1. Enumerate the calculated ³J(HN,Hα) couplings along segment 81-96 in order (Karplus 6.51 cos²θ - 1.76 cosθ + 1.60, θ = phi - 60°), each rounded to whole Hz, writing x wherever the residue is Gly or Pro.
2. Suppose R0 equals 22 Å. What FRET efficiency, 1/(1 + (r/R0)^6) with r the Cβ-Cβ distance, do D73 and A17 give to the nearest 0.05?
3. Between beta-carbons, use under 9 Å as the cut-off and find the net charge around A17, counting Lys and Arg +1, Asp and Glu -1.
4. Residue separation times 0.36 nm, minus the C-alpha to C-alpha distance between D97 and R41: what's the value?
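Since every read-out is calculated from the coordinates, none of them should be taken as a lab result. All figures in this text were calculated on a predicted structure; none of them were measured in a lab. All Cβ positions, glycine included, derive from the backbone under ideal geometry; neighbour counts span all protein chains shown.
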Amino acid sequence: MNNTCSGFKLIYVIVEAGRGSHIMESARKAGAEGGTLYYARGTSIHEHGKFFGMPIEPEKEVIMIVIKDSLVDQVFDAVVQEGEIDTPGKGIAFILDLNRVAGICHLNDHEIQ
């Protein structure tokens, strides 16, 4: 039995630590069921600093949202607006195509027409 489905995309967002929760809340208000948020360390050449001569590692939050194709534009726009992604240095957001998804196929069963 094949329990995989299609018709989903992945919204991937990387922002400064501490901003992810607000962005995820905006994504939910725009129609996202949920997402995954985790911490990471950035390596951009623009983000190196020192404190008492010791390098400071730029901390990031990464948000991953698997979303139905029908909701991707409105959720992505909400994420970009809340995260101020259009402002240089505020982060990056992009969308990846997903060929197959397992574990959330029930979302297609409740598609709002």
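1. Once θ is set to phi - 60°, the couplings for segment 81-96 become 5, 5, x, 6, 4, 6, 8, x, x, 8, x, 9, 9, 8, 10, 10 Hz.
2. Numbers: r = 27 Å, r/R0 = 1.24.
Computed FRET efficiency for D73 and A17: 0.20.
3. Details: positive: R19, K60; negative: E16, E59, E61.
Summing Lys/Arg as +1 and Asp/Glu as -1 gives -1.
4. Working: separation 56, 0.36 × 56 = 20.16 nm, distance 2.47 nm.
The D97-R41 span can extend by a further 17.7 nm.
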